[in-house]
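Visitor: One structure, as structure tokens, below. Some questions next.
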Amino acid sequence: MSDAPLNGSSAPAGALVRSIELLGPAGRIEALLNTGRDDARYAAVVSHPHPLFGGTMHNKVVYHAMKSFQSFGIPVLRFNFRGAGLSEGKHDNGYGEVDDVRAALDWIAQEYQRPILFAGFSFGSFVGLKACCGDERIKGMAALGLPVSAGGREYRYRFLSNCEQPKLFISGTQDEFGPQPEIEAVVAQAMPPAQLVMVPEANHFFSGKLELMQDALSSWIEKHFCPTHLASAP
């Protein structure tokens, strides 16, 4: 395990990036922990897009989501799914990856002993929502670029009708893997509370619109989980 200073103006003073190895059901899971303030109300886990299409924990959307949580002093764990980066195992078509998310949740719950927030991008949002729904440790979930049809696979979200936790969906109006009408239908069928933010003219990867995505996520965190943030800012 190694520690290094965290770069980025959104990081709390004294924050670090720690390289972590988790034990997952398929073996070693490569992870990064962005540490937060000692008095943070929550800890967070962020999961990445499809590993067979180049997705890793270093993805730009994942990084910007981490920065949103970090701006509130929340410690954030990012990790590589099985078979991605230095994580052991092989891609399991979204089945074993649900267990990878659960391993990450277990680790951060044990490390910080506080409620957890989750965000996932694309494939990471699909498997992450499945892992988090019904888990009492998870107090809020954000799905970024939720996929409906990608790589010849259809993604189904019937399970969201029984998912009580607060849910945020952020997608682009030009998302090629999640057309707006289909995303609106998914959110409409989800158990409230469920909020949808459509980023104008953004594609699946929020190219050129990452700050708008990040602002929407930060606003949701502030409104529902860290309401004193602005009042305590200099």
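The values are calculated or read from the model by the stated rules, or taken from the named source; none is laboratory data. None of the values given here were measured: they were computed from a predicted structure. Heads up, the Cβs are rebuilt from the backbone with ideal geometry, glycines too, and the neighbour counts pull from every protein chain shown. Quick note on the areas: whole protein, heavy atoms, side chains included, nothing else; ligands and nucleic acids left out. Shrake-Rupley method; radii C 1.70, N 1.55, O 1.52, S 1.80 Å.
Visitor: Mind giving me the nanometre distance, one decimal, between the label points for ARG37 and GLU176, set 7 Å out from Cα along Cα→Cβ?
Guide: 4.2 nm
Visitor: Before anything else, pin down the relative contact order of the stretch 94-234: Cα pairs under 8 Å, at least 6 apart, normalised by residue count, whole percent.
Guide: 18 percent
Visitor: Accessible area of GLU30, 1.4 Å probe, to the nearest 10 Å²?
Guide: So the heavy atoms of GLU30 present about 40 Å² to solvent.
Visitor: For the chain, can you list the cysteines whose C-beta has no other cysteine C-beta under 4.7 Å from it?
Guide: Within the chain, the cysteines lacking a partner Cβ under 4.7 Å are CYS132, CYS226.
Visitor: In nm², what is the average projected area of the convex hull enclosing the Cα atoms of the stretch 54-190?
Guide: 8.3 nm²
Visitor: Of ASP215, ASP175, ASP39, which has the most accessible area and how do the rest follow, probe 1.4 Å?
Guide: ASP39, ASP215, ASP175
Visitor: I've got another one for you. Would you please give the FRET efficiency between HIS224 and SER149, computed as 1/(1 + (r/R0)^6) with r the Cβ-Cβ distance and R0 = 35 Å, to the nearest 0.05?
Guide: Efficiency for this residue pair is about 0.75.
Visitor: Right, here's the next one. Which percentage, to the nearest 5, of the DSSP beta bridges contained in the stretch 78-234 is antiparallel?
Guide: 10 percent
Visitor: Using a Gaussian network model of the chain whose springs link C-alpha atoms within less than 10 Å, name the residue from LYS223, LYS167, LYS139 with the highest mean-square fluctuation.
Guide: Checking each option, the largest mean-square fluctuation is seen for LYS223.
Visitor: Distance from a point 7 Å along Cα→Cβ of GLU201 to each backbone N in the stretch 212-227: keep the residues under 19 Å and list them by number.
Guide: 212-216
Visitor: Given Cα positions, please report Rg to Rh for the chain, the hydrodynamic radius being the Kirkwood one.
Guide: 0.93
Visitor: Something else now. Given axes a ≥ b ≥ c from the Cα gyration tensor, I'd like to know whether the stretch 26-89 is rounded (a/c under 1.5), prolate (a/b larger than b/c) or oblate.
Guide: Verdict is oblate for the stretch 26-89.
Visitor: Which residue fluctuates the most in the chain, going by a Gaussian network model with Cα springs under 10 Å, if the choices are ALA26, ALA194, ALA185?
Guide: Its mean-square fluctuation being the largest, the pick is ALA185.
Visitor: With a 10 Å cut-off between alpha carbons and a GNM built on the chain, which of PHE169, PHE53, PHE118 moves the most?
Guide: Taking springs between Cα atoms under 10 Å, the residue moving most is PHE53.
Visitor: Let me ask another. If I model a spin label as a point 7 Å beyond the Cα along the Cα-Cβ vector, how far apart are those points for ALA185 and HIS58 in nm?
Guide: Taking the simple label geometry, ALA185 and HIS58 are separated by 3.8 nm.
Visitor: Helix-only estimate, please: 222 nm mean residue ellipticity of the chain, summing -39500 (n - 2.57) across DSSP H runs of length 4 or more and dividing by its residues, to the nearest 500.
Guide: After summing the helix terms and dividing by the residues of the chain, the value is -8500 deg cm²/dmol.
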